[in-house]
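Accompanying notes for the structure given below.
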Amino acid sequence: MSSVLFDVPGPKARTRNVYLNVATVIVVAAIIGFILYRFNESGQFTAKKWEIFTFPRVQQMFLTVIGATLKAFAVAAVGSLVLGILLAFGRLADSRWVSVPCYWFTELFRAVPLLILMMIMYYGLPSAGVKGITPFIAVVVGLILYNGSVLAEVFRAGIESLPKGQREAGLAVGLSKGQVQRIILLPQAVRSMLPVIISQLVVILKDTALGFLITYNEVLYYANFLGSQGQYGSPVVPALMVTAVIYVGLCLILSGIAKLVESRMSSRVRVVKTRVGLAG
Amino acid sequence: MNVLIDNSGLFVTGFKNTGILFVISAFFALVLGTVVAGMRVSPAPAMRGAGTLYVNAVRNTPLTLILAFFALGYPKLGLPEIGFMNAAIVGLSLYTATYVSEAIRSGINTVAVGQSEAARAIGLPFMQTLTLIVLPQAFRSVLPPLFSVFIALLKNTTVAAGFSVFEAGAIRAYLSERGEPLLPGLLWVAVIFVVLVLGILTPLQRYLEKKWRVAR
């Protein structure tokens, strides 16, 4: 294996790599060992601290809060994709009356911290007389405004990276400008930007945890509630461990699904190419 | 405007602490991220594995959860007290380091293999190949993603407000204690962030990109 930094190892380099491997294993084992030792010493593994997780009621609640996290994620993901596409086409519009506001919209909402957006929704608007803002609405709208703006830039980059001929050919065969954007440019842009779009979806999933800070009853919020149960030994660390497993699991599942979609999409390109005459 | 002037003390302290969080976390994230990036391109499989494990585990965990662990879980472990500010710095650094390492690693991968082969061919040893040939080119190409990472870090510092750190994100709680109007107060916080990101960090990025542009 030859990378930019290293040549194919000779005998000397090979023995050195063996030492490096051993040293790394020792250091990593020491760090993990220390963490486990501290957890054990401070009684994080005692049955009392884990008892609460054996109650069916608590397990059901975990399913409910996972549902709440997924609901916020699903609504926010769809909303962000739609807003992103609209903003991207807005920025590419010929009329300055459309493109300039879209430009400032994306720039501003990418510059404001997501948590501040959620706070404006949840604390700011009701104090100014707006009614009916639930934590769910605040979380979802905040996520959509922020991630929609980020995705708008992604879509725009994808569309601008396409060869000019694509658009010109579409116009030449008599498609309207809207049709060119919808059936020529957007599908190709989405396909080429799929890895970035997917990692942004993972970001949305992770950012639903910000809902914890504005009292949205999701996984982390519930874990914090469990951690404060004194009669079960305040299992803060076990509750956070369970939460971490849930989040990492959800993110890995999402990435897995995304990879599947990606490979299927790229294989479909080949099929379409072979029967171009039927497409559309 | 009145909210800003009447409570200027709150805003100054809040954003000062945001600045401290940002600068210190950025420093540690850069150091740790570079080390992890080095591990992920190293010839030893165990080092690559350890780096990959760290990056994948931390990147798939929400920042809120990481900060919750250091602010709420860590004190339960019977280790020396570190305080909420330091807890936030540790959490932000560990989280941001994974993004820094990914940016730097992709930068190293963009350098053409021929570059270091040529360097070795004229007899440069490993360290000189790395410091004179590969890193200067890699660093230039990672500047934009690295800046995005640091802009994200600046915005992420607000999450620490949820864990007893008095910074920009916590200004709302203090305003509400004083019975001040919340919407204008929060809008001012948003405006200051917009100025910091669009007025300072983005122009700085453009300037550095221009200064270090690679002629290809």
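The values are calculated or read from the model by the stated rules, or taken from the named source; none is laboratory data. If you're wondering where the values come from, they're calculated on a predicted model, not measured in any experiment. Cβ placement follows ideal geometry from the backbone for every residue including glycine, while neighbour counts extend to all protein chains displayed. Remember, those area values only see protein heavy atoms, side chains included, never the ligands or the DNA or RNA. Shrake-Rupley method; radii C 1.70, N 1.55, O 1.52, S 1.80 Å.
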Taking into account only those residues within the range A:34-54 that are open to solvent by less than 60 Å² (accessible area, probe 1.4 Å) and either modelled with pLDDT under 85 or in contact with a Pro (Cβ under 8 Å, 6 or more places away or on another chain) (or both), which is nearest to the other protein chains (Cβ to nearest Cβ)? A:42
Search the range B:173-186 for residues being at pLDDT 85 or above and within 7 Å of chain A (Cβ to nearest Cβ), and hand back the single one that is nearest to residue A:113 (Cα to Cα). B:186
Of residues in the range B:70-84 being at pLDDT 85 or above and touching a Ser or Thr at 6+ places or on another chain (Cβ under 9 Å), the one farthest from the other protein chains (Cβ to nearest Cβ): B:84
All positions within the range B:158-209 that are closer than 26 Å to residue B:84 by Cα, of a type in the set (Gly, Ala, Ser) and assigned to a helix (DSSP H, G or I): B:160, B:161, B:162, B:168, B:169, B:170, B:173, B:176, B:185, B:190
Are there any pairs, at least 6 apart or on different chains, whose C-beta atoms fall under 8 Å, with the first in the range A:171-196 and in contact (Cβ under 8 Å) with a residue 12 or more places away in the chain and surrounded by 14 or more Cβ atoms within 10 Å (Cβ to Cβ) and the second assigned to a helix (DSSP H, G or I) and among the aromatic types (Phe, Trp, Tyr), and if so, which? A:181/A:89; A:186/A:155; A:189/A:155; A:190/A:155; A:193/A:155
Criterion (modelled with pLDDT under 90 and of a type in the set (Phe, Trp, Tyr)) met by exactly one of A:146, A:216: A:216
Could you identify the single residue in A:85, A:133, A:66 that is more than 11 Å from every other protein chain (Cβ to nearest Cβ), at pLDDT 85 or above and outside any helix (DSSP H, G or I)? A:133
Can you confirm whether residue B:101 is more than 18 Å from residue B:158 (Cβ to Cβ), at pLDDT 90 or above and either in a helix (DSSP H, G or I) or open to solvent by 20 Å² or more (accessible area, probe 1.4 Å) (or both)? yes
Could you pull out the residue among B:65, B:92, B:32 that is open to solvent by 30 Å² or more (accessible area, probe 1.4 Å) and either part of a helix (DSSP H, G or I) or at the interface with another protein chain (Cβ under 9 Å from one of its Cβ atoms) (or both)? B:32
Screening B:121, B:170 for residues that are more than 9 Å from every other protein chain (Cβ to nearest Cβ), open to solvent by 60 Å² or more (accessible area, probe 1.4 Å) and more than 26 Å from residue B:101 (Cα to Cα) leaves only B:121
Output the residue which, of all residues in the range A:103-131 that are open to solvent by less than 60 Å² (accessible area, probe 1.4 Å) and not hydrophobic (A, V, I, L, M, F, W, C), is farthest from residue B:190 (Cα to Cα). A:129
